[in-house]
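Participant: I have a structure here, written as structure tokens, and I will follow up with some questions on it.
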Amino acid sequence: DETMPQITKTYAAKAGEEWKILNAGLEDNYVDLGRSYAGGECGYAVCYLDSKDSFRGHIVIRSAGRAKLWLNGKEILASAPPADDYPICRAQKAPAQFNAGWNQLLVKTERRKAMWTFSCSITDVNGRWVRLQGSSPNGPP
């Protein structure tokens, strides 16, 4: 069981590996880590989400490889390896408790074949999309 990495901490890379900080933009609502960085097998992405109210809902992640999600420091999803060998982004849903104000979402994804993309969406408990007040890759203003 992996604990949530501290994103402000510096970690030593294993032999033959390196840490890179990237600004990976969106393309067709997907984050494409493979386009931003050709090396590597797993990556982390962080985003801060501003909610007017607290609510229970879901985070839906679409990822070709395994994924883990932490919301406000609590692990809410640890996906199993895909059962088939076809690298397609599949949707997985994790129950989530959002706080009023800023919420930290940390995503860990693994490369699968040539694909290293993911997207996340937020829904209420009935599956309806939720629009939040704002988001920031760098933390609350």
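Participant: Test of understanding: what is the full-extension gain from Glu75 to Arg90, defined as 0.36 nm times their sequence separation minus their Cα-Cα distance?
Facilitator: Length gained, Glu75 through Arg90: 3.5 nm.
Participant: May I pose another question? Measuring from centroid to centroid over Cα atoms, what is the spacing of segment 39-72 and segment 115-137 in Å?
Facilitator: Distance between centres, Cα-based: 8 Å.
Participant: Shifting gears a bit: If one puts a single equal scatterer on every Cα of segment 87-141 and applies the Debye formula without solvent, what log₁₀ I(q)/I(0) results at q = 0.12, 0.27 Å⁻¹?
Facilitator: Taking Cα atoms of segment 87-141 as identical point scatterers yields -0.38, -1.28.
All of the numbers you see were taken from the coordinates with simple rules; none came from a lab. What you see is a predicted model, and the numbers here were worked out from it, not measured in a lab.
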